[in-house]
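The numbers here are math on the coordinates, done by the rules we state, and not lab data. Quick caveat, the model's predicted, so the values are computed rather than measured. Positions of Cβ are generated from backbone atoms using ideal geometry, with glycine treated the same way; all protein chains shown enter the neighbour counts.
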């Protein structure tokens, strides 16, 4: 894989600052850091973004996430390792990441609305939107993850 554009974020500093402002707001929203990393990992798995999977698995481990929960994330529906709140977030993550296929079904929204208050649900949706944006930038410009 050959990188298409080196340091694309330096070429659009205002856009980078904007997306980082959303990241800052999400982290200050009260959503659990472990949940944030699981959502970022799951969306990155769906999008096949090696750069972001590497980054967020590393960040999740630093926050104390277990190896087993990271290994099982792709099969979260069949695993008992995730809380109802995490399951709701992961279902909503899949719905919004695959929105052209899912059209964000009522069942996934209702599940998320039971576990998250309105403000949290909006922040969760911004989180999902931003990780999908990061995935598209990393994949589109073929950013290589560290070895």
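Tabulated values for the structure
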quantity: Sorted peptide list for 46-55, 62-71, 136-145, criterion being average Cβ within 10 angstrom, highest first; calculated: 46-55, 136-145, 62-71
quantity: Neighbour-count order for 110, 23, fewest beta carbons within 10 angstrom listed first; calculated: 110, 23
quantity: Along principal axes, Cα extents of the range 4-73, largest first, whole Å; calculated: 38, 32, 20
quantity: Rel. contact order, % - alpha carbon contacts under 8 angstrom, at least six apart, the range 11-140; calculated: 35
quantity: Rg(Cα) / (2.2 N^0.38 Å) computed for the chain, rounded to two decimals; calculated: 1.03
quantity: Relative intensity, log₁₀ I(q)/I(0), of the range 70-147 from a Debye sum that treats every alpha carbon as a point, q = 0.14, 0.22 Å⁻¹; calculated: -0.53, -1.08
quantity: Residue-averaged [θ]222 nm for the chain, counting only DSSP H segments that reach four residues, each worth -39500 (n - 2.57); calculated: -21500 deg cm²/dmol
